[in-house]
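Contents: one structure, followed by commentary.
The values are calculated or read from the model by the stated rules, or taken from the named source; none is laboratory data. Remember, it's a predicted structure, so these values are computed and weren't measured experimentally. Please note: Cβ atoms are built from the backbone with ideal geometry, for glycine as well, and neighbour counts cover all protein chains shown.
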Amino acid sequence: MTKSEAKKLIEQARAAWDAEEWLRAAELYERVLAHFPDLEVSAVWWYDAALAHKFLRNWAKAYELGREAAARSPRGEGDPAYWNLGIAATIQRDWATARDAWSGFGIQLPDGEGQIDGRFGHACVRLDTGGEREVVWIERLCPTRGRVVNVPVTGGRRYGEIVVHDGEPKGERVVEGSNYPVFDELLLFEASPLPTLEVTVAAGEAADLEALVALFTDHGFGAEPASGVRMLCACCSEGTHEQQRTADAGAQQVSLAAPEEEARRLLERWAGESAFGRSWSGLATVG
């Protein structure tokens, strides 16, 4: 292949990119890179080809091409080639490459080898399952993985599952003056063994409902009152929204994440801690 032929293919690749024809764009870039892998501009072509496969959710190719892109990128300067490689390597469970990619981006990781289970704070993730989209809170384990700490209302999703999310925030939530990014989910990384239950509870005061949530949380389970769920349209979901940690009194549905027998035991304990104002009924497994 001559350089003039390569130039024409790159022009075609960019046109395909602008049309969001990701597979064609990647294939054209790869044809050129097979002949010109190490030109100064090749780092950009490796990056774009890897990114196209990321958009296609072809993680094996995103990983393969991402390694080439990162190898030609400066370290410690926040180069996105390392971030995308970190995502792909995480999904491939190549922890050594993932650790090197995050370090190459400029992120300080906890010491150790293998899977990264650090404390990277809280954030939100927009779950996407067959067109349904729900924003949940996560505890971030690494720059791209997080453990879900809400009980999702979306069918098939569970408290405690671990998800991989994208690196570009699509929205923001504000709680007590602190800002938290909202990321899009890329995939479910690890399922949760905890079933989702629903129960109707009566709480005389908001503090009673808060006590129920705290009781389940203290035992490693989840509780999500219906009064804490807020519905937003897709457009509004990607904006900035202030949230308050409130729980309403009265009768309402509560979603629980716990084995059924444990849930019954904790509900009985919760109801028995107050002489009046607390009761529950209709516990059932829903997912």
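Assorted remarks:
- Of the residues Asp100, Asp94, Asp111, the single one that is acidic (Asp, Glu), in contact (Cβ under 8 Å) with a residue 12 or more places away in the chain and either in contact with an Asp or Glu (Cβ under 9 Å, 6 or more places away or on another chain) or more than 21 Å from Gly171 (Cβ to Cβ) (or both) is Asp94.
- Meets criteria (in contact (Cβ under 8 Å) with a residue 60 or more places away in the chain and assigned to a helix (DSSP H, G or I)) for Trp83: yes
- Verdict on Pro80 being crowded, with 18+ Cβ neighbours inside 10 Å, within 28 Å of Glu30 (Cβ to Cβ) and out of contact with any strand residue (DSSP E or B) (no Cβ under 8 Å at 6 or more places or on another chain): no
- Top-ranked residue in the range 201-221 [being under 11 Å from Ala257 (Cβ atoms) and in contact with a helix residue (DSSP H, G or I) (Cβ under 9 Å, 6 or more places away or on another chain); ranked as surrounded by the fewest Cβ atoms within 10 Å (Cβ to Cβ)]: His219
- For the range 168-200, a tally of residues being of a type in the set (Asp, Glu), in a strand (DSSP E or B) and surrounded by fewer than 17 Cβ atoms within 10 Å (Cβ to Cβ) returns 2.
- Candidates Ala49, Ala69: the one that is of a type in the set (A, V, I, L, M, F, W, C) and under 20 Å from Pro143 (Cβ atoms) is Ala69.
Residues checked against (1) within 17 Å of the chain's Cα centre (by Cα); (2) under 18 Å from Arg157 (Cβ atoms):
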| position | (1), (2) |
| --- | --- |
| Asp100 | no, no |
| Gln108 | no, no |
| Gln115 | yes, no |
| Phe120 | yes, no |
| Asp128 | yes, yes |
| Gly146 | yes, yes |
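- Qualifying residue in the range 132-145 (condition: at pLDDT 95 or above, of a type in the set (D, E, K, R) and buried (at least 17 other Cβ atoms within 10 Å of the Cβ)): yes
- Taken over the range 1-19, the criterion of being under 16 Å from Pro37 (Cβ atoms), among the aliphatic types (A, V, I, L, M) and either in contact with a strand residue (DSSP E or B) (Cβ under 9 Å, 6 or more places away or on another chain) or assigned to a helix (DSSP H, G or I) (or both) is satisfied by Ala6, Leu9, Ile10, Ala13.
- Qualifying residue in the range 46-57 (condition: in contact with a Pro (Cβ under 9 Å, 6 or more places away or on another chain) and farther than 23 Å from Leu188 by Cβ): yes
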